[in-house]
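Remarks on the structure that follows.
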Amino acid sequence: MNTIILDNNNHWDSLLFINANTLDKMAFSLSCHLSFLQRQVESPKYFQFKVSKKSGGFREINAPNAELKYLQRNLSWKFNKIYSSPDGVHGFVKGTFLETRHIVSNAKLHIGKKWVWNLDIESFFSSITTQMVINRLMEAPFNFDENKAKYISLLIIYKRQLPMGSPCSPVVSNLVCENMDAQINQWVANQNKFQPEINLVYSRYADDITFSTDLAISDEHKLEIYDILNQYGFEVNRKKERIQSNKQSQWVTGIKINEKPNVDRSYIRNIRAALHQIRAKGLQEAATNFFNLKELANTTEIDRFLRILQGRISHVGFVKGKDDSAYLKYWRELGEVMAPIQKEPLIY
């Protein structure tokens, strides 16, 4: 079995995991007893629940029990040490001292472009199958034999697909998409080489794919990208696909990018309205109205209301910058309304 070179991106116990050639060594590399490992492989336990989606409907979550979660967190840690994110991948990526990747860094790549093409991968996690995970584990840098790859996949896959709710699913999805990302990056490089004025940029944040360009997206470009995604077992959700020109609002991962990163006006209006409600009617009534409660909000609901408002204001600063005047204004106003009920000042 091949090994990988120990460098800043790889930790020694990730090497132990990759080079483990017996079940005893595999258990040791995962910091558990062999009997514990075998129990999780033979009888993985999950519990199911549903959460509401912003677009309507529900998303099914399959979350592991505490024992399986322990192993999956361990796997996630090792995979994140091994995974080196390609250019353009900004979702589920661990940051470094020099660079952090997130929804804002993803959006910034596309600022100032004439055209933005947004794609959404249909049922992203559930499209990643057992065989896709096995195949990836049999490739470099893992180079597992088929039996070992199948064994590890049993800790990762549930109901023959990548479960939404597992702590290792995000990084596994990136590992599975690594070759696809590389192929798309090469396709982009070729387009820019033969037609430099196109100035094409690619990014992926989980299931959200974005291309931006200074020339119109052609039908040929679309078909070529559809074909690459299909090669790797993915389909485009055509209902969420859109092309935006710079003559209209352009959005990437929920962030407006026409001139600089920005949030939706309605987002700001909601913050402003909540702060006005607090000043005009007091915290309790403001929280009651916010949650549309039939009875006056209790202390738990008031606390939740304030935490939501604090989170929304923080998001404005995250997107627009901590020196943004609107962010500083709303944070100051929140501090003023919270001052009578808290001992410590807000930290931003």
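Numbers below:
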| quantity | calculated |
| --- | --- |
| Flag for Leu137 being touching a helix residue (DSSP H, G or I) at 6+ places or on another chain (Cβ under 6 Å) and either aliphatic (A, V, I, L, M) or exposed (fewer than 15 other Cβ atoms within 10 Å of the Cβ) (or both) | yes |
| Tally of residues being buried (at least 17 other Cβ atoms within 10 Å of the Cβ) and more than 11 Å from Ile268 (Cβ to Cβ) across the range 325-337 | 4 |
| Cβ-Cβ under 8 Å pairs, at least 6 apart or on other chains, the range 116-131 side in a loop (DSSP other than H, G, I, E, B), far side of a type in the set (A, V, I, L, M) | Glu122/Val236; Ile128/Leu162; Ile128/Val172; Ile128/Val176 |
| Residue within the range 143-151 that is of a type in the set (S, T, N, Q), touching a residue at least 12 places away in the same chain (Cβ under 8 Å) and in a helix (DSSP H, G or I) present | no |
| Filtered residue count, the range 54-71, keeping only those that are touching a strand residue (DSSP E or B) at 6+ places or on another chain (Cβ under 6 Å) and within 10 Å of Cys168 (Cβ to Cβ) | 1 |
| Residues of the range 154-165 satisfying the condition of being of a type in the set (A, V, I, L, M), buried (at least 20 other Cβ atoms within 10 Å of the Cβ) and not in a helix (DSSP H, G or I) | Ile157, Leu162 |
| Residues of the range 158-182 that turn out to be on the phi > 0 side of the Ramachandran plot and under 13 Å from the mean Cα position of the chain (by Cα), as a count | 1 |
| Qualifying positions in the range 140-153 - buried (at least 17 other Cβ atoms within 10 Å of the Cβ) and either of a type in the set (A, V, I, L, M) or over 22 Å from Lys45 (Cβ atoms) (or both) | Phe142, Phe144, Lys148, Ala149, Ile152 |
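Coordinate-derived values only; no laboratory data. The model shown is predicted, which means the values in this text are computed figures rather than measured ones. Note: ideal-geometry Cβ built from the backbone for every residue, glycine included; neighbour counts use all protein chains shown.
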